[in-house]
Amino acid sequence: MKMDLMTNQLLGVLEREKEHYRSMLTVIDKESKAAVRSDFNALTKAGEEKENILVKLRLIEEERIRLVREMAEALGYPPRDFTITMISQLVGEPFGRRLSQAGTDLSAVLNTVKDANHRNKQLFEHSLELLRGSFNLLSELTRSAMVYYRTGDMQRTYQTGKCVNGEI
């Protein structure tokens, strides 16, 4: 009977974990949209939301590890080798199928989070590359050794200051 109780608790933990990862997907989507809009405040808020979700996920993960350890000890298996698949095969029905499905669902959500996170990483890396290019361009334009000529050409000089023609 104690195994049924632990299995039910594990199912609840897996469901909560899945829901938190779904929430993470929503926040990652907000983060992506904020990055495209260059909305610093929204990016900051999304980062804070992600941190809060990660804290909750850490707590849930600790609870899952504790439950799996207790189940492994009760069934005589080493905890590190005890997977959701193995547990679902050992506990039998009606819990086996539900545990297997919960593991599959969690794995699918985790893969979706990984993909979304990878897309955001690419977006941020591309944005950073564009910013570096803009910064380099502006740095070149603001060097004191550049002089604008009437033709629109710029030439480097060894004098300081800029010469700008007032006629266009």
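Both radii were evaluated on the Cα set of the stretch 2-132; the Rg over Rh quotient, with Rh as the Kirkwood radius, amounts to 1.12. With θ taken as phi - 60° and the Karplus curve 6.51 cos²θ - 1.76 cosθ + 1.60 applied, the whole-hertz 3J(HN,Hα) list for the stretch 104-115 is 5, 4, 4, 4, 5, 5, 4, 5, 5, 5, 4, 5 Hz, x standing for glycine and proline. Net charge dipole, the stretch 2-132: roughly 200 debye, given to the nearest 20, about the Cα centre with Cβ charges of +1 for Lys and Arg and -1 for Asp and Glu.
Per residue, the convex hull spanned by the Cα atoms of the stretch 15-63 amounts to 44 cubic angstrom.
Pull up the cross-link candidates among the lysines for K45, meaning alpha carbon to alpha carbon under 21 Å and not fewer than 8 places away within one chain. Within the straight-line cut-off, K45 pairs with K30, K33, K56, K114, K121.
Quick note: the coordinates plus some simple rules give every number you see, no bench work behind them. Note that this is a predicted model, so its numbers are computed, not measured. As a convention, Cβ positions derive from the backbone with ideal geometry for all residues, glycine included, and neighbour counts pool all protein chains shown.
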